[in-house]
Each structure stands twice: as structure tokens, then as C-alpha cells.
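The structure appears right after this line, and notes come after that.
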Amino acid sequence: GNDGIFVSQSHWAVMGFEVTNANNTSSNSACFKATPMSAATITDVAFIDDIANGCGTGGFITDPYYGGGSYGVDYFILIADVAYNTAQTNNQCASGVSLFEPANYDSLSGTHNYTSQLFAWNNVNPSVCAGGAATDGEGVILDTFSTNSYTGQTVVEDTLSLFNGSHGIE
């Protein structure tokens, strides 16, 4: 029921890990997750050359601070990662990669979130998740950037996303 690798502070790079969860239909966990645990925005989190397999609430995800306010994750990097067979829990709707409600750390120009060389497939929600019809199952979703009035540039390039339950990249 816990996330495989959970980053809650700034300036972390996680490289070369594989997280697998065979109990993906009832699990309420992500393989790799970045979320602040206090009223702050965390920055400079990178997942490089990692593999996410079978985690119910997504392969690689960012979430806002659960205590409220406009806090979350900025300067998030995914390079040469794989997300497959994730997003299959019925507890919530999820995707292979989800950048959910990012928050501004600063107003500097340039790329704040960068995804490259990602391979995402078979990230399919069950027909019912989060108590209703499936809404996600994307390979990559840039989700609800307007919540915190996010202004940072996000780039997704050199990414292959196929056989997912919804859009390849949304």
C-alpha cells in the first residue's frame, strides 16, 4: 500500500531502480512519487533510467502538498524511464506518468519540467476507478496545471507511448 520510492524533499536524483508491485489492482501506491510533505514547493527531482511496473496509482507521479495551499513540485525531470502495466487500481484513476498540479518555485524562464526518452505502454484503468467511469490511463498526462496558476514550461520529447487506456500524451 506504500509508494515504491517517495521523494519529499528538493534536490534528489533516483537512478537505475525498478519498482514492481504485483498487487496492482488493489494497491493505492505509485512506483515513483514526488510530493512535498510540508507547506513548501520541492524542486530539482529527477528519475533517470528507472522502470515502473504494476503500481496501481501510476508509474511516475507528482502530487501537490496535501495540507493545502499552492505548494507542489517544480523542476521535475524524467529521462530514459519506462512505465508499464501501471494505473490499474480501482481506488483512483491514474496514468503511467502524471505531472499533477505543479507549483511555481520561481518565475524564471526556460524549461521547468522535462520528460525525454520515456517508454510508456499498457497503462490502463479498470472500467471503474475512483467510484466512477475511468478518466485516465494515459501514457503521460500533464494534469490540471491551472490549479496553482502554474507558469513553468514543460517539455515532453522523444517519448513513445502506446497501448494505453487513453491518450498517449495529454
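Packing around the peptides 104-112, 144-152, taken as the average count of other Cβ atoms within 10 Å per residue, puts them in this order, highest first: 144-152, 104-112.
Which of the peptides 158-165, 121-128, 52-59 is most tightly packed, and how do the rest follow, judged by the mean count of other Cβ atoms within 10 Å per residue?
Working: 158-165: 16.8, 121-128: 18.2, 52-59: 27.5.
Listed from highest to lowest mean packing, they are 52-59, 121-128, 158-165.
Site pair Ala80 and Thr111 shows an inter-label distance of 1.5 nm when each label is modelled 7 Å from Cα along Cα→Cβ. Extension gain, Ser127 to Ala40: 0.36 nm times the residue separation minus the Cα-Cα distance gives 27.8 nm.
Unpaired cysteine residues in the chain (no second Cys Cβ under 4.7 Å): none present. Around the Cα centre of the range 16-170, unit charges on the Cβ atoms of Lys, Arg, Asp and Glu (plus for the first two, minus for the last two) sum to a dipole of about 360 debye.
Expressed to the nearest 5 percent, the antiparallel share of DSSP beta bridges inside the chain is 5 percent. The computed volume of the Cα convex hull per residue in Å³ for the structure shown corresponds, within [x] 119; [y] 96; [z] 136, to [y].
Test of understanding: what is the full-extension gain from Glu18 to Thr151, defined as 0.36 nm times their sequence separation minus their Cα-Cα distance? Mind showing how you got there, number by number?
Working: separation 133, 0.36 × 133 = 47.88 nm, distance 3.18 nm.
So the extension gain works out to 44.7 nm.
At a 1.4 Å probe radius, carbon and sulfur cover how many percent of the accessible area of the chain? Kindly include the intermediate steps, with their values, before the conclusion.
Details: 3840 of 7470 Å².
On the chain, the fraction of accessible area on carbon and sulfur atoms equals 51 percent.
Averaged over its residues, the chain has an accessible area of 44 Å² per residue, based on protein heavy atoms and a 1.4 Å probe.
Charge tally around Ser29: other residues with Cβ under 13 Å, Lys/Arg +1 each, Asp/Glu -1 each, net -1.
The values are calculated or read from the model by the stated rules, or taken from the named source; none is laboratory data. Only a predicted model underlies this, so the values are computations on that prediction, with no experimental measurement involved. With ideal geometry, Cβ positions are generated from the backbone for all residues, glycine too; neighbour counts draw on all protein chains shown. With ligands, DNA and RNA removed, areas are computed over all heavy atoms of the protein, side chains included. Shrake-Rupley method; radii C 1.70, N 1.55, O 1.52, S 1.80 Å.
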